[in-house]
Amino acid sequence: MNYQRTNNKSIDEAFLEFHKANPDVYVLFISYTKNWLRAINKDNPEELQKLERCLDPTKKSKEIFNTKKRISSKHVIGRIRWFHEVEQQIGDYKINDAFTSRYSRKFINDYPGLKNVFEFRELRSG
């Protein structure tokens with residue numbers, strides 16, 4: 001199924017529209033991704049220090065954080081849905097699954113030292 005044919009806009013256009021209307025989703029995406037990375041590296045102090053340097057946007061670190069375990073952007077989005085629907089009881093919170101890869105790519109653009117924490121596939125549509 002072609003997203004643009006079904007929705008009369010590209011995934012990128014729809015994502016930018018959604019992101020502009022719901023900036024809190026990306027704030028939560030950043031927070032939950034950072035927390036997940038800290039949790040899976042808590043027993044390795046050296047890696048945790050390197051991670052913290054890569055997470056600090058003021059440091060402009062050129063380091064690349066190599067994690068042994070990648071994280072799932074789909075799980076991060078699922079956690080955001082849980083937060084809105086269960087913890088905050090806001091109701092049925094709609095985040096299109098097609099936006100998952102856009103959020104992880106935005107995160108990597110903002111935190112380039114963490115480019116290895118998500119696995120990426122080639123985008124098929126824009």
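Each residue, Val27 and Asn44, gets one label point 7 Å from its Cα in the Cβ direction; the gap between the two is 3.2 nm.
The GluC sites (Glu not before Pro) of region 18-85 that meet both conditions, a loop assignment by DSSP and at most 13 other Cβ atoms within 10 Å of the site Cβ, are Glu63. Once the C-beta distance of Thr58 and Leu123 is scaled by a Förster radius of 30 Å, the resulting FRET efficiency is 0.50 to the nearest 0.05. Protection proxy ranking, highest mean first, for peptides 110-117, 10-17: 110-117, 10-17, where packing is the per-residue count of other beta-carbon atoms within 10 Å, averaged. Checking the cross-link pairs Lys20/Lys42; Lys50/Lys106; Lys9/Lys50; Lys42/Lys94; Lys9/Lys62 against a 30 Å limit on the alpha carbon distance flags Lys20/Lys42; Lys9/Lys50; Lys42/Lys94; Lys9/Lys62 as lying beyond it.
All of the numbers you see were taken from the coordinates with simple rules; none came from a lab. What you see is a predicted model; the values in this text were computed from it and never measured. Because the Cβ atoms are built from the backbone with ideal geometry, glycine has one as well, and the counts that use them run over all protein chains shown.
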